[in-house]
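What follows is a set of notes on a single structure, which appears directly below.
The values are calculated or read from the model by the stated rules, or taken from the named source; none is laboratory data. Given the structure is predicted, the values throughout are model-derived calculations rather than measurements. No Cβ is skipped: glycine too gets one built from the backbone with ideal geometry, and neighbour counts run over all protein chains shown. Note: areas computed on protein heavy atoms with side chains; ligands, DNA, RNA excluded. Shrake-Rupley method; radii C 1.70, N 1.55, O 1.52, S 1.80 Å.
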Amino acid sequence: MSRMRNLYISKLWIWERRIIMDLIGIELEHAIEIIKDNVPKKSKAYELSLWDANKRILAEDIYSPIDNPPFDKSPLDGFALRSQDLKGASKANPIRISVVDVIYAGHYSLKELKAGQAARIMTGAPIPSGADCVIRLEDVEEEDGFIIVSKELKHHDNYCFKGEDVIKGTHILSKGEKITYIEQGILASLGIDRVKVYDKPRLALLVTGDELVAPGKELALGKIYDSNLTLLYSRLSELGFEPVIADYLPDNPSLAADKLKEVCKKADIIVTTGGVSVGDKDILHEVLPLMGAKRLFWRVNLKPGTPAMFATYEDRVMFHLSGNPFAAVTTFELLVRPYLAKVSKDKDLDLNRKKAILDNDFTKESKGRRFIRARETDGTVTIPQVSKHASGILSSMIGCNCLIDIPAGSPKLAKGTEVEIIYL
């Protein structure tokens, strides 16, 4: 076993010497630079149904093709008429107006209103020629084809103008903006049913570890239930990405290399957990050279998740994260999210940092840079279950919405200390 181990280490050393850009033990910021430098220079875009465009990023500027509304219209149910016909109208001096037409929404009138004439009109219907205001239905009395009006109206009272919302040719949305339900509604109101959006990368999620058992199966002695596949699949879905593959990777280097090569035919981004440290079963060190992949860095100066690895294979990128659940979550947020933000052009996905005041003590010194789970509320951040912060523990993540970034060389943190947080 010792001889095999030495042979493995020798192979690993040779492989590391062959890779020019390979970096070991780098700072987080340097790792993120390397990751972002490997985002493809050209972004693919395609046309998509407006119905399917929610949370997508626009790949074009959009200008209004029409005036909205496309005609002067009534904002309420009532009667369209001429304001000059109502001068002097009051309860003591009601004015009698003849009703000569009825206009429903979706229809229009060819009549031009003359002096002393009105048209019954519904909300959203075009205001007829000759009318310059609309009186509410409840403000009149109806009597044998006439309305009795006891109040004056001004020019353009209760009147929606053509182009009041948007004038034809107006710049509505810019390339790079995210489409939400509001933007979808606005575009629909302008008659736009298709938009050009940036393509989303295809993601594959793979988990290593012979000790892992999928939830729902019987748990044999020595086995543990896998949480990483569910954890990261759900997180990707929350961020707007649906993995095309979610599977387990065998602990055999040769088989794992073959499987990863096949996965790379179907996905642009591959995220794995486990197999990146220095144990006998940390197979990724053998898998990548077997594939012909290029490792760009291994080990980042942070805890948890130090052994994180980043590699490229042909035009694919591969993130290899620690197998411990909290370490996997932390390095996913710190390393994978910045790549997803840049490749998808979605700024909302990038790291969002803020200062906050610690609401309780953190009694551990931090020789190296450390990230701990926490909950921020109104500028105050609380560390839950301080005793449960090992990288294999997930339960203390319940209710957490941020990570506290503790610099290397920090002493114990007392309540009231200002800290920097990264929102999850």
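A compact table of results
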quantity: Which numbered condition Asp258 misses (of (1) surrounded by fewer than 21 Cβ atoms within 10 Å (Cβ to Cβ); (2) in contact (Cβ under 8 Å) with a residue 40 or more places away in the chain; (3) assigned to a helix (DSSP H, G or I)); calculated: (2)
quantity: Test: residue in the stretch 288-311 that is open to solvent by 40 Å² or more (accessible area, probe 1.4 Å), touching a helix residue (DSSP H, G or I) at 6+ places or on another chain (Cβ under 7 Å) and in a helix (DSSP H, G or I); calculated: yes
quantity: Every residue from the stretch 362-380 that is in contact with a Ser or Thr (Cβ under 9 Å, 6 or more places away or on another chain), surrounded by fewer than 16 Cβ atoms within 10 Å (Cβ to Cβ) and of a type in the set (Asp, Glu); calculated: Glu365
quantity: Long-range neighbours under 6 Å by Cβ, at least six apart or interchain, first residue at pLDDT below 90 within the stretch 190-217, second aliphatic (A, V, I, L, M); calculated: Glu211/Ile224; Val213/Leu219
quantity: Filter result for Glu376 (closer than 18 Å to Val329 by Cβ, acidic (Asp, Glu) and in a strand (DSSP E or B)); calculated: yes
quantity: Close pairs from the stretch 81-93: first under 17 Å from Phe146 (Cβ atoms), partner in a loop (DSSP other than H, G, I, E, B) and among the basic types (Lys, Arg), Cβ under 8 Å, at least 6 apart; calculated: Leu86/Lys151; Ala89/Lys151
quantity: Pair list, Cβ under 7 Å, 6 or more apart: the stretch 350-376 residue in contact (Cβ under 8 Å) with a residue 12 or more places away in the chain, other residue open to solvent by 80 Å² or more (accessible area, probe 1.4 Å) and among the acidic types (Asp, Glu); calculated: Lys355/Glu418; Ile357/Glu418
quantity: The one condition in (1) crowded, with 16+ Cβ neighbours inside 10 Å; (2) over 30 Å from Val287 (Cα atoms) that Ser174 fails to fulfil; calculated: (1)
quantity: Selected residue [among the basic types (Lys, Arg) and modelled with pLDDT of 95 or more] from Lys73, Lys41; calculated: Lys73
quantity: One residue from Ile167, Ile186 being open to solvent by 80 Å² or more (accessible area, probe 1.4 Å) and of a type in the set (Val, Ile, Thr); calculated: Ile167
quantity: For Gly191: the one exception among (1) out of contact with any Lys or Arg (no Cβ under 9 Å at 6 or more places or on another chain); (2) open to solvent by less than 40 Å² (accessible area, probe 1.4 Å); (3) closer than 30 Å to Asp61 by Cα; calculated: (2)
quantity: Residue check for Asp268: of a type in the set (D, E, K, R), at pLDDT 95 or above and either buried (at least 21 other Cβ atoms within 10 Å of the Cβ) or under 28 Å from the mean Cα position of the chain (by Cα) (or both); calculated: yes
